[in-house]
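Below: one structure, written as structure tokens.
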Amino acid sequence: MHKDSKRREALLYHAKPTPGKIQVVPTKKYATQRDLALAYSPGVAEPCLEIEKDVNNVYKYTAKGNLVAVISNGTAVLGLGDIGPEASKPVMEGKGLLFKIFADIDVFDIEVGTKDIEEFIATVKNISPTFGGINLEDIKAPESFEIERRLVEELNIPVMHDDQHGTAIISSAALLNAVELAGKKMEEVKMVISGAGSAAIACANLYVSFGVKPENVVMFNSKGALRKDDPRVTDMQRRYATDKHYDDLAHAMKGADVFIGLSSGDIVTPEMLLGMADNPIVFAMANPTPEINYNLAIDTRKDIIMATGRSDHPNQVNNVLGFPFIFRGALDVRATKINEEMKKAAVVALANLAKASVPEQVNIAYGETKLTFGRDYIIPKPFDPRLIAEVPPAVAKAAMDSGVATAPITDWEKYKDELLERMGSDNKMIRLLTNRARTNPKRIIFAEADQIDVLKAAQIVHEEGIGFPILLGNQEIIKELKEEIGFDTEVPVFDPKTKESEAKRLEYAKHFWETRKRKGITLLDAEKWMRERNYFGLMMVNTGEADALVTGYSRSYPSTIKPVIQLIDKAPGVSKIATTNMMMTARGPIFLSDTAINPNPSADDLARIALMTAKTVKMFGMDPVIAMVSYSNFGSSHNEGPSKVSQAVAYLHENFPDLVVDGEIQTDFALNPDMLKSKFPFSKLVNKKVNTLIFPNLDSANITYKLLKELNKAESIGPIILGLDKPVHVFQLGASVEEMVNMAAVAVVDAQEKGRKLNK
């Protein structure tokens, strides 16, 4: 991406439609005067008085127990340095966003306008009654050490400086597993650390707590190895200072078992790797450029166990694996601090999770056949849904065992269930989808690329590595629009109406005519149709010149789907195609079918739609739990609509007994497990979380999905076409750029799946 374009996009993202990335949302009713009287005066006096009687009641009557302050003075912001408190605010808001989406923790970001240690500490202490925890962020060393130490000692709520401890916790988990795989022992490994700042010190300290001996650690700063006789070495660094002389990093790495990189890119050479011991462990964690390129490292040493800070290589050391879940566990037991026992518990939980069987959802997200514990998988993936159910309980239990928990947990199974329920507030499906697409990008046609929003979507698809765009449309307009939006990458552009495309157009027309000549299509008709982008693009997919196609932005759905039906064969065994929409709701993703094609499906059609939808749900790594909905519950009406739904369910129960499906059932009963269990305990949906709704007709499905989309602002992916032999998908008229990018990702994943089946 052009530098100016990237800058413009980033600024626009943070400025529109509302400045910033977080907001405060009411959690109580406020519609009536009665509600307001309870919320504020006079009703608010009652909880105030209860808190006055017992200060711990603040957790009962306010948001304190789920509220963390992300606090910085802007002195060490990312790779930007000392840029000031105001300039650090976008980063702090981003941290708040991560807290919310990964662990459902609310955040206020606080930017403090002082570099004075005492003033900073006093400020944090004075505002601490508001919060259940304090996350210190982007404060330069050595001040950060003193600030954290003092606040941990002087406050009775959890405090952690993530820059110090986050990388330490995640890399420690990876190190435990790497040392095991290498057949070595923590107390025997010889370690070289490049970097001597707060993160490096924290990492070394935590490694030592797991058995690494300080005398086996050589730590380097920009001047060389830390030496005991160097007066510039700080008290925190002195533990890792040495009496030995090392000429340079290469000298120190000879015979070393472990290299830890927390410094700068490309400072380690292949020769330095070759000098390390057998089965070397290399964590090159400098971002965005590691100390040594991943591919270069694994090409140099086949026995290497390698980790980086990057998401495009195995074994990513990512702080998001730690801080949301550590604070989650600490808050849930009202811990008075985050101590070493809690950090170590998080380390062990992460290390053990990497050894456990990986859910299919994670395999699918990362495009893996099966992730298994080994050299390329020593630490869990950030999108692993088990993290929230494994790490917080470990942290909470450690808090209880170490005596810092003030609200102990007694029912651990209930607690885990509550944690999993929090996942509904974070719909990771889009991230899972795009991440999977990136693992094996495909050639994807954008049939209306001379529309600026479509071109923007194609640009994002290219720049995010989701796919390789092929643009159809007026070449001159596309060229102008590309310049306007800073899309300066050369990608294939075709205009079916031009002279340059004539040969290919005639070739496609002949092929089309051969397949449709007995259905009223003449060769002249075919030649005419091939001047249209959708027909031309679909033939590119049919002939293997492209892998997938997306279209429909500027034309009605019926007119767009017509050429798809004419040119693209149905998948084997499919008699009628359908569509599903994946809605991102507060309770998690829900699939709705059929939202776009079949006006009044028969009982047989409904059964087949349910089966096709189930396959799609599985493609996204979920187990389908299907409710066949109607205005009737289990035979309460014998009219035609409910009856055909009941017939479809009977067919599925008889022929697909392992499929979790039931109906006919009203939507509220399907989505409310307590109501369902109370009134219809015999249902196959009891004690299941419904994630798929099959509607009796197009009216009900389409109306429902658009109501959800507009009234609840639920994000939608779709309509996803079910039952085609090729990956072709149609946007809704006027789809947003984000919706088109998501549909492109669906098309890429669809192409991956169809290619996988073809190669079996």
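The charge dipole of the chain, taken about its Cα centre with unit charges on the Cβ of Lys, Arg, Asp and Glu (plus for the first two, minus for the last two), comes to roughly 1760 debye. Just the number, please: percent antiparallel of the DSSP beta bridges in the chain, rounded to the nearest 5. Bridges in the chain are about 25 percent antiparallel.
Taking amide hydrogens as placed 1.01 Å from N in the peptide plane, the amide H of THR585 sits under 5 Å from those of ILE590, each at least 5 positions away in sequence or on another chain.
Over the range 68-212, what relative contact order in percent results from Cα pairs under 8 Å that are six or more residues apart? The partial results should precede the final answer.
Details: 199 pairs, mean separation 31.7, N = 145.
It comes to 22 percent, rounded to a whole number.
Remark on GLY663: its backbone amide H falls under 5 Å from those of MET628, a criterion applied only to residues 5 or more positions apart or on other chains, H modelled at 1.01 Å from N.
Its alpha carbons considered, the range 320-422 gives a radius of gyration followed by a Dmax of 14.1, 44 Å. Compute the whole-percent fraction of alpha carbon pairs in the range 382-478 spaced more than 15 Å apart. Here the tail beyond 15 Å accounts for 72 percent of pairs.
Among the listed pairs LYS28/LYS416; LYS528/LYS713; LYS370/LYS570; LYS337/LYS416; LYS254/LYS370, those whose Cα-Cα separation exceeds 32 Å are LYS528/LYS713; LYS254/LYS370. Express the C-alpha Rg of the range 165-313 as a ratio against the empirical globular expectation 2.2 N^0.38 Å, rounded to two decimals. Working it through for the range 165-313, the quotient is 0.94. Does the range 578-723 come out rounded, prolate or oblate, given a ≥ b ≥ c as the square roots of the eigenvalues of its C-alpha gyration tensor, rounded meaning a/c under 1.5 and, failing that, prolate meaning a/b above b/c? Here the range 578-723 falls in the rounded category. Amide H contacts under 5 Å for THR692: PHE591, VAL625, ALA627, restricted to partners 5 or more places along the chain or on a different chain, H placed in the peptide plane at 1.01 Å from N.
Per-residue packing, averaged as other Cβ atoms within 10 Å, sorts the ranges 741-752, 722-733 into the order 741-752, 722-733, beginning with the highest.
Note the direction-averaged projected area, equal to a quarter of the hull surface, for the Cα convex hull of the range 1-70, in nm².
Details: hull surface 30.0 nm².
Mean projected area of the Cα convex hull: 7.5 nm².
Percent relative contact order of the range 165-313, based on C-alpha pairs within less than 8 angstrom and at least six residues apart?
Details: 273 pairs, mean separation 30.2, N = 149.
Reported relative contact order: 20 percent.
Couplings 3J(HN,Hα) of the range 631-636, computed from phi: 7, 10, 10, 6, x, 5 Hz, in residue order, whole Hz [Karplus 6.51 cos²θ - 1.76 cosθ + 1.60, θ = phi - 60°; x for Gly and Pro]. Under the criterion of Cα pairs below 8 Å and six or more residues apart, the relative contact order for the range 578-723 equals 39 percent.
Among the complete DSSP H segments of the chain, which ones combine at least 27 Å of alpha-carbon extent along their axis with a mean Kyte-Doolittle hydropathy of 0.5 or more?
Both cut-offs are met by no helix.
Taking the Cα centre of the range 396-457 as reference, the dipole from Cβ charges on Lys and Arg (+1) and Asp and Glu (-1) amounts to some 420 debye. Per the Debye calculation on the range 432-567 with a single equal scatterer at every Cα and no solvent contribution, log₁₀ I(q)/I(0) for q = 0.09, 0.12, 0.14, 0.18 Å⁻¹ amounts to -0.27, -0.48, -0.65, -1.01.
Where a number appears in this text, it was derived from the coordinates with a stated rule and is not lab data. Values in this document were obtained by computation on a predicted structure and should not be read as measured data. Counting neighbours? That spans all protein chains shown, and the Cβs are built from the backbone with ideal geometry, glycine included.
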